[in-house]
Amino acid sequence: MRGYLVAGNWKMNGSNVANAELVDGIIAGAPQSDLVELLVCPPFPYLSAVAAKTSGSNVRLGAQTISEHESGAFTGETAGSMLRDVGCEYVIVGHSERRALMGETSQAVADKFMAAQKCGLTPILCVGETLEQRESGKTEAVIDEQLNAVLDSAGIDAFGRAVIAYEPVWAIGTGMTATPDQAQEVHRHIRALLEAKSESVAEGVKILYGGSVKGDNAGGLFSNPDIDGGLIGGASLKSEDFLAIAEAAVAIC
Ligand code: PGA
């Protein structure tokens, strides 16, 4: 049993006051289940303050991106060792907003993925197609290119210490969730791609779905055999909404 991971990507939202209320609410209501792990990913400036609260709780801490470099003259960048130092266990790499808005290429994402693992962080590798790519039948080709860039650089065994998030770009922040069948089809494709290289790694890797997940659609998504949780944006910013998604996972276990 792979269990579920319900991860909150807070993006560029929050403040000291709002975050304290949010994380206190999540910790207080976090389900006591060995099979459902909760994770919050605040913006960099708030990691330490949130870590002070999550430390000793059953809510894990992650960051939203990482530098591919170890240290040095990279103004504005944050190294994996620093993320570990402030209590992070996970880091999101290759979110579609960073690919589209910050020009991160699949190779840059692969470098970040490896930098994360080198520091003992578990990367959450985001992949996903745009609406135009889906409508022109390119979904699988896009996912393959994004995954293969990491597989070619890091190797299949690296996926024994990683999470994948399938996030169709057209479903992010739009309220247009992929149907459970649409999501499962792509998740199966991703797992099959890994299976061709190692059945045991493919069997063990968690594949999250992201894109307008809410309390009322999470159950339908998570009950599919290849969907192992969610990467949640908008609905991770209110503890009740986030916990409703966690409860949907618990209900399936
Ligand atoms: P959303 O964002 O839940 O607001 O659609 C998901 C994400 O971008 O990770």
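The distance linking region 178-213 with region 9-46 is 25 Å (Cα centroid to Cα centroid, whole angstrom).
Taking 4 °C and 1.567 mPa s as conditions, region 125-192 diffuses translationally at an estimated 103 µm²/s according to Stokes-Einstein applied to its Kirkwood radius (Cα pairs). Taking all protein chains into account, the per residue accessible area for region 1-84 stands at 48 Å² (1.4 Å probe).
In the elastic network of the chain, a GNM with C-alpha springs shorter than 10 Å, the most mobile of GLU140, GLU89, GLU199 is GLU199. Taking the average, over residues, of other Cβ atoms within 10 Å as the packing measure, peptides 66-77, 226-237, 29-40 rank 226-237, 29-40, 66-77 from highest down.
Using only Cα atoms, locate the centre of region 228-242 and the centre of region 129-174, then give the distance between them in Å, rounded to an integer. For region 228-242 versus region 129-174, the Cα centre distance is 21 Å. Here the chain has 51 percent of its accessible surface on carbon and sulfur atoms, given a 1.4 Å probe and all protein chains in place. As an equivalent ellipsoid, region 134-253 spans semi-axes of 25, 17, 12 angstrom, where each value is the square root of five times an eigenvalue of the C-alpha gyration tensor, largest first.
Here the ratio of the Cα radius of gyration of the chain to 2.2 N^0.38 Å is 0.93. When +1 charges are put on Lys and Arg Cβ atoms and -1 charges on Asp and Glu Cβ atoms, the dipole computed for the chain relative to its Cα centre reaches about 400 debye.
The values are calculated or read from the model by the stated rules, or taken from the named source; none is laboratory data. Computed from a prediction, not measured in an experiment: that's the story for all the values here. Please note: Cβ atoms are built from the backbone with ideal geometry, for glycine as well, and neighbour counts cover all protein chains shown. Quick note on the areas: whole protein, heavy atoms, side chains included, nothing else; ligands and nucleic acids left out. Shrake-Rupley method; radii C 1.70, N 1.55, O 1.52, S 1.80 Å.
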